[in-house]
Every structure is written in structure tokens, then in C-alpha cells.
Amino acid sequence: MTSYERPDASGPDPAYDAVVLAGGGARRLGGADKPGVRVGGRALLDRVLTACADARTTVVVADPRPTPRSVLWTREDPPGAGPLAALGAGLRHTTAEQVVVLSADLPFIEAGTVRRLLAALGTGTADGALLTDADARDQPLVAAYRTQALHRELTALAGEHDGLTGLPLRRLTAALDFIRVPDPVASFDCDTWDDIATARARIREHGHVLDEWISAAKDELGIDLDVDTGVLLDLARDAAHGVARPAAPLTTFLVGYAAGRAGGGPEAVAEAARKAAALALRWAEEAAADKADAAPDATPDTRPDAG
């Protein structure tokens with residue numbers, strides 16, 4: 001086993017392709033459409049596709065379905081021939097020297113996880129870098145591989161067994177050298193309804209719910225934009241406290257509209273938020289000054305602006 005030390009991630013991200021296996025039978029879910037099961041308002045497949053959004057080519061081995069981003073669809077022959085046959089079908093459409101292989105049932109996989117796997121792979125000469133789960137078990141469907149190594153071993157197995165149909169994944173992984181990256185959260189997969197319930201409960205925990213909601217909303221609205229949510233939350237607070245509670249959602253909407261009119265992008269959002277926050281501060285200061293200047297016994301009809 002090759003040990004892993006966190007590499008320097010300051011260099012440019014390596015180019016890679018992604019293969020997502022999404023065509024299993026989900027027998028432990030009673031045959032449900034597992035890639036389409038929603039966790040945090042998003043289909044499991046969509047969550048995985050978001051994690052590998054910067055892949056040069058993303059191949060999904062499954063029957064086509066609507067997804068928030070463009071992918072290449074393919075199927076193993078025959079459908080249901082097993083994970084090695086599916087991997088081989090997907091790999092035929094890749095050209096990058098590195099390929100990230102993911103199952104479609106990973107609710108907590110993130111882009112940062114993919115970057116860590118690729119960075120780990122780049123630290124040595126191993127054939128792949130994979131996550132290990134909370135019990136230190138290898139998770140070869142949450143991994144980055146050298147494409148040439150996969151082609152080599154899949155070709156050898158196909159020749160030895162007259163194809164890849166029905167072969168277990170361990171036939172492939174036993175022949176490869178791995179760097180192991182422990183991550184009990186990102187490696188969590190949903191095989192049962194209890195797993196689905198656990199994932200849904202975790203996403204709704206206080207420390208996760210806001211980020212999860214924002215990610216789900218961006219996917220639903222087709223927005224690919226990273227903004228400083230702290231700035232917008234501060235703006236909403238200032239508008240609610242300094243003006244009135246209903247001003248908070250209306251102000252953040254107007255900031256988004258203004259940023260869109262200005263061409264969009266994080267810089268446009270930040271500038272619009274800065275202007276609105278300054279306005280809310282001026283509004284609050286005026287209200288405080290008016291209260292301080294009012295006579296102690298003033299009533300609404302004795303104020304200077306009373307009708």
C-alpha cells in the first residue's frame with residue numbers, strides 16, 4: 001500500500017476525463033431509480049456531476065436522462081453486464097491521461113474531493129488514488145486513475161475471460177497499485193433506504209444546510225456562479241434591521257438583478273451588494289438620528305413632518 005501525504009495544491013489543476021457509472025440495478029433499494037433519488041432536493045446523479053464539472057469530458061454509463069450539464073451517454077453491452085463492463089464502455093470515450101471514476105450514489109462528493117484525488121495521483125507513480133471509507137475499506141468507484149493503466153488491465157481481463165461481462169470489480173483493483181486517501185464523508189454511498197435517510201438528515205444539519213440549499217438552487221436555476229454568501233447574508237441582516245424585515249429578500253433580489261444587468265459574475269454581485277449595504281447603513285443612521293432628535297414627549301402629530 002502506498003501512503004498518502006497531502007500534496008501542494010497550488011499548481012494548475014490537471015486535465016482529466018470522468019466516467020460515472022449510473023446503470024446498476026439498485027436491488028437493495030427494491031429496484032428504484034437510484035441515480036434519480038433526491039437528497040437535499042437534488043438527484044444523486046446531479047450531485048456527482050457537479051463534483052466533476054471541470055472534467056474535459058464526462059461520460060455517464062446509463063440510459064440518457066435530463067441532467068443540469070451536458071454529458072456523453074453510453075451503455076455497456078449488454079446492459080447490466082456489471083461494473084467492469086460499464087467501466088470499459090465509458091473508458092472508450094475518454095482521451096485524457098487521467099480519468100476520475102465515480103459511482104452515481106455519492107451524496108457528499110464535491111469538486112474538492114476530485115481535486116484531492118487527482119493531486120494525490122500526481123505525487124507518485126501509482127496506478128490510481130482512491131478514497132477509503134470510515135472502516136478503511138477501499139472505494140474504487142471514488143477514485144482517480146491513470147487511463148493507460150485501466151486500459152492495460154481491462155484489456156488483459158477481457159482477453160482472459162472472453163469479455164468483461166459479470167466480472168467483479170476486485171479483479172481489476174487487485175492488479176493495480178493505489179494511493180489511499182481516507183475520507184469517511186465523501187466516500188459515503190447510498191445502497192439502502194437507510195443510507196438515503198442518513199444522507200438527507202446530515203444535509204439538513206445546521207452546519208450544512210445553507211451551502212446545500214445554495215448548491216441546489218444554483219443547479220435548479222442553471223446558475224454556475226460562486227459568490228460570497230457572507231456578504232449577501234450581512235446585507236440581508238442590515239436591510240432587515242435597518243429598514244424592515246421584508247426589505248431583506250427584496251434587497252437581495254434587487255442586488256442579483258443589478259448584477260445581472262452589469263454583466264454578472266462575482267465582482268458584479270460584490271459591487272451591487274456593497275452599494276446596497278451602504279444604502280441600508282445610511283437608512284439606519286438616519287432613523288437613529290431622527291429618534292435621538294425627537295423631543296421626549298413628542299407624539300406623532302407634534303413631529304416636524306406630521307400632517
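Residue-wise HN-Hα couplings along the stretch 38-50, as the Karplus relation 6.51 cos²θ - 1.76 cosθ + 1.60 with θ = phi - 60° gives them from phi, are 9, 10, x, x, 10, 4, 4, 4, 5, 5, 5, 5, 5 Hz; Gly and Pro carry x.
Dipole magnitude for the chain: about 600 debye, using +1 per Lys or Arg Cβ and -1 per Asp or Glu Cβ, origin at the Cα centre.
Looking at (i) 45, 45, 41; (ii) 97, 44, 37; (iii) 59, 38, 37, which value of Cα extents along the principal axes in Å comes from a calculation on the structure shown? Matching entry in (i) 45, 45, 41; (ii) 97, 44, 37; (iii) 59, 38, 37: (ii).
At full extension, Asp63 and Asp194 could sit 44.6 nm farther apart than now, given 0.36 nm per residue minus the alpha carbon distance.
Of all segments of the chain bounded by GluC sites (Glu not before Pro) found in a DSSP loop with no more than 13 other C-beta atoms within 10 Å, the longest spans 98-204. Here the average projected area of the convex hull drawn through the C-alpha atoms of the stretch 142-271 stands at 13.1 nm².
Look at the alpha carbon pairs under 8 Å that are at least 6 residues apart: their mean separation over the length of the chain gives a relative contact order of 17 percent. Shown in residue order for the stretch 128-140 are the 3J(HN,Hα) couplings computed by the Karplus curve 6.51 cos²θ - 1.76 cosθ + 1.60 at θ = phi - 60°: x, 10, 10, 7, 10, 8, 4, 9, 6, 8, 5, 10, x Hz (x for Gly and Pro). Net charge in the neighbourhood of Arg171 (other residues with Cβ under 12 Å of its Cβ; Lys, Arg +1, Asp, Glu -1) is -1. Note on the chain: with a GNM built from Cα contacts shorter than 10 Å, the maximum mean-square fluctuation among Arg75, Arg27, Arg65 falls on Arg65. Farthest towards the positive end of the charge dipole of the stretch 111-257, among the residues Ala217, Thr192, Pro246, is the Cα of Pro246, using unit charges on the Cβ of Lys, Arg, Asp and Glu.
Averaged per residue, the chain has 56 square angstrom of accessible surface, using a 1.4 angstrom probe with ligands and nucleic acids left out. Only protein atoms count toward the accessible area here, which uses a 1.4 Å probe; on the stretch 184-279, the carbon and sulfur part of that area reaches 59 percent.
Both the radius of gyration and Dmax for the stretch 116-204 are 15.3, 48 Å, in that order, over alpha-carbon atoms. Of the trypsin sites (Lys or Arg not before Pro) found in the stretch 97-168, those in coil by DSSP whose Cβ has at most 15 other Cβ atoms within 10 Å are Arg137. Counted by Cβ distance under 14 Å from Val61, the other residues give a net charge of -1, where Lys and Arg count +1 and Asp and Glu count -1. Which residue fluctuates most in the GNM of the chain (Cα springs below 10 Å): Gly159, Gly230, Gly31? Highest fluctuation among the options: Gly230. Dipole magnitude for the stretch 114-243: computed about the Cα centre from +1 point charges on Lys and Arg Cβ and -1 point charges on Asp and Glu Cβ, it is near 320 debye.
What a 1.4 Å probe finds exposed on the stretch 70-157 is 49% carbon and sulfur by accessible area, rounded to a whole percent. For the stretch 245-286, the square roots a ≥ b ≥ c of the C-alpha gyration tensor eigenvalues yield an a/c of 1.5 or more together with a/b not exceeding b/c, which makes the shape oblate.
The values are calculated or read from the model by the stated rules, or taken from the named source; none is laboratory data. Because the structure is a prediction, the values reported are computed rather than measured. Glycine also receives a Cβ, built like all others from the backbone with ideal geometry; neighbour counts cover every protein chain displayed. Just so you know, the surface numbers come from the protein's heavy atoms only, side chains and all, with ligands and any DNA or RNA stripped out. Shrake-Rupley method; radii C 1.70, N 1.55, O 1.52, S 1.80 Å.
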